[in-house]
Amino acid sequence: MMSRRSLLRSGGIAGASTLYGASSRPPNIVLIVGDDLGYGDLSCYGHPTILTPNLDRMAREGMRFTQFCSAASLCVPSRAALMTGRLAIRSGLTGGLPPWSETGLPDSEITVAQMLKKAGYGTMCVGKWHLGHLPRYLPPNRGFDDYFGIPYSNDMSKATNPRAPWADKTPPTPLIRGVKTIEQEPDQSTLTRRYTEVATEFIRKSSRTGSPFFLYMPHTFPHWPVAASERFRGKSLAGLFGDAVEEIDWSVGEVLRVLREQKADQNTLVIFTSDNGAEGGSAGPFRDGKVTTWEGGLRVPCIARWPGNVPAGVVTPAFSSTMDLFPTFAKLAGLEMPNDRVFDGEDLTPVLLRNEAGREPLFFYYSEADVWAVRKGRWKLHVAVNNRKMPPPRGEGDPPLLFDVQQDISERRNVAQRHPEIVKELLELINRHKASITPR
Ligand code: MG
């Protein structure tokens, strides 16, 4: 929750200019997001057969987070929260948005891009938007100067998902530039390459303007059905899924290469993360995956690099989430946070720039519009669960279930009976949180 104290702390332009040394200009921001990329899907997060040398190098040159959460365990609410710094329940986007939906992120919400525009940023979105595909909801009407990509998931048409019960009522998958469909059913194996070409062209163009830029690059992959270009197909030891992840790694390498080429390396913060936990790949040591409120559903990789500003080679267990990016970017841009609404994220610059320990974990795990779990400090209480990939351990019992997620990182030992006072405290915390929310 963004407290009054943090709002004050976020300061103004004068305060922010001391953040990035001699430069008086806010940094460029590049935010790259994988789709359904799990905590364990990169080599720097322990995957044994998917090789991600560019992300590994980015981690060595920057900071790697080990307790970073997406805001929700599926695409739409996670993106709504990332773009607004607020829990998805506040914007009403708590479920999926199929191609026949007529809605999107409400106009009353402020996106990261709209906020950064106030500080003179050039803005671009390349990839999977999934906050409404009708023109009025697309990125060019939500703070982005331009857009290129598939506006929703890549499995939402008859051609890509013929066995889905709703396949007959779907239009062909659109590839959009600006707000116009320029192709239907594009060859998905070319998408990562094409996204990369458009993104690097934007970096080159923007670097010549003298103004800061914000590139938001939510990849289509490795969401099912995965695809990779010929250059990557069959190359990894982890099947087509591994190929797709390795191509995304290549894409990150291209972005970093072009930033260097443009001499924008030192004044660009690059962040890589994922929209939700594992689906086709690995959650690493965490339990279960996407569409659950187990750690595997929300714990995602996060790597931040900004040479000379983000300390190099740091691995941090600082608790953080995608909702922290909005206030963090506001701080870096020297902007006041809007004071007419509640934010659920907090400014991460003390962690990012000074390697501070960060705040005590406090996080509500939503399943659509309902709170299923809360984490406070080391303790996580589940009041409802779904088990998709893994059967529960024998004798686990029914919720409420309590886990010490700092020691028992895989959530295997329910200790609710041993700590009734903590169960009570966390139940009250959930009730107070629910009472404080006015769903949209
Ligand atoms: Mg996703």
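The values are calculated or read from the model by the stated rules, or taken from the named source; none is laboratory data. Nothing here was measured: the structure is a model prediction, and the numbers come from that model. Using ideal geometry, Cβ is built from the backbone for each residue, glycine included, and neighbour counts are taken over all protein chains shown. Ligands, DNA and RNA are stripped out before the accessible areas are found, and what is left, the full protein with its side chains, is counted by its heavy atoms. Shrake-Rupley method; radii C 1.70, N 1.55, O 1.52, S 1.80 Å.
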A careful count of residues in the range 142-176 that are outside any strand (DSSP E or B), open to solvent by 10 Å² or more (accessible area, probe 1.4 Å) and touching an Asp or Glu at 6+ places or on another chain (Cβ under 9 Å) gives 6
Criterion: surrounded by 24 or more Cβ atoms within 10 Å (Cβ to Cβ), at pLDDT 95 or above and more than 16 Å from the ligand (Cβ to nearest atom) - qualifying residue of Thr293, Thr268, Thr322: Thr268
Do we find that Arg394 is touching a residue at least 40 places away in the same chain (Cβ under 8 Å), surrounded by fewer than 14 Cβ atoms within 10 Å (Cβ to Cβ) and either over 18 Å from Tyr366 (Cα atoms) or in contact with a Pro (Cβ under 7 Å, 6 or more places away or on another chain) (or both) in this structure? no
Does Leu105 count as outside any helix (DSSP H, G or I) and farther than 26 Å from Arg305 by Cβ? yes
Here are some residues: Ala373, Ala357, Ala384. Which one is within 30 Å of Asn267 (Cβ to Cβ) and either in contact with a strand residue (DSSP E or B) (Cβ under 7 Å, 6 or more places away or on another chain) or not aromatic (Phe, Trp, Tyr) (or both)? Ala357
Screening Arg233, Arg163 for residues that are in contact (Cβ under 8 Å) with a residue 24 or more places away in the chain and over 21 Å from Thr273 (Cα atoms) leaves only Arg233
Test of understanding: among Thr220, Thr192, which residue is assigned to a helix (DSSP H, G or I), within 16 Å of the ligand (Cβ to nearest atom) and within 19 Å of Ser251 (Cβ to Cβ)? Thr192
Long-range neighbours under 6 Å by Cβ, at least six apart or interchain, first residue in a loop (DSSP other than H, G, I, E, B) within the range 327-356, second of a type in the set (Ser, Thr, Tyr) and modelled with pLDDT of 95 or more: Asp347/Thr328; Leu348/Ser320; Leu348/Thr328
Pairs with Cβ under 6 Å, 6+ apart, first in the range 272-283 and free of Cβ contacts under 8 Å to residues at least 24 places away in the same chain and in a loop (DSSP other than H, G, I, E, B), second open to solvent by less than 10 Å² (accessible area, probe 1.4 Å) and within 10 Å of the ligand (Cβ to nearest atom): none
Please count how many residues of the range 397-426 are of a type outside the set (Asp, Glu) and loosely packed, with under 13 Cβ neighbours inside 10 Å. 7
Conditions first: (1) modelled with pLDDT of 95 or more; (2) open to solvent by 40 Å² or more (accessible area, probe 1.4 Å); (3) at positive phi. Asn387 passes all but one, so which condition is the exception? (3)
Subset of the range 165-196 [at pLDDT 95 or above and among the hydrophobic types (A, V, I, L, M, F, W, C)]: Leu175, Ile176, Val179, Ile182, Leu191
Might you let me know whether the range 307-319 holds any residue that is within 15 Å of the ligand (Cβ to nearest atom), hydroxyl-bearing (Ser, Thr, Tyr) and in contact with a Gly (Cβ under 8 Å, 6 or more places away or on another chain)? no
Taking only the range 350-361 into account, find how many residues are buried (at least 24 other Cβ atoms within 10 Å of the Cβ) and over 17 Å from the mean Cα position of the chain (by Cα). 1
Tell me, please, whether a residue that is within 13 Å of the ligand (Cβ to nearest atom) and out of contact with any Leu (no Cβ under 6 Å at 6 or more places or on another chain) can be found in the range 115-128. yes
I need the full set of residues from the range 194-224 which are open to solvent by 30 Å² or more (accessible area, probe 1.4 Å) and within 23 Å of Ser78 (Cβ to Cβ), in order please. Trp224
Examine the range 41-62 for a residue that is in the same structural domain as Gly253 (by TED's automatic domain parsing) and touching a His at 6+ places or on another chain (Cβ under 6 Å), and state whether such a residue exists. yes
Counting only helices (runs of 4 or more DSSP H) wholly inside the range 1-92, the ones holding at least 3 residues that are away from the ligand (no atom under 16 Å from the Cβ) and modelled with pLDDT of 95 or more are 53-60, 88-91
Using the structure shown, decide if Glu230 is open to solvent by 10 Å² or more (accessible area, probe 1.4 Å), within 16 Å of the ligand (Cβ to nearest atom) and in a loop (DSSP other than H, G, I, E, B). no
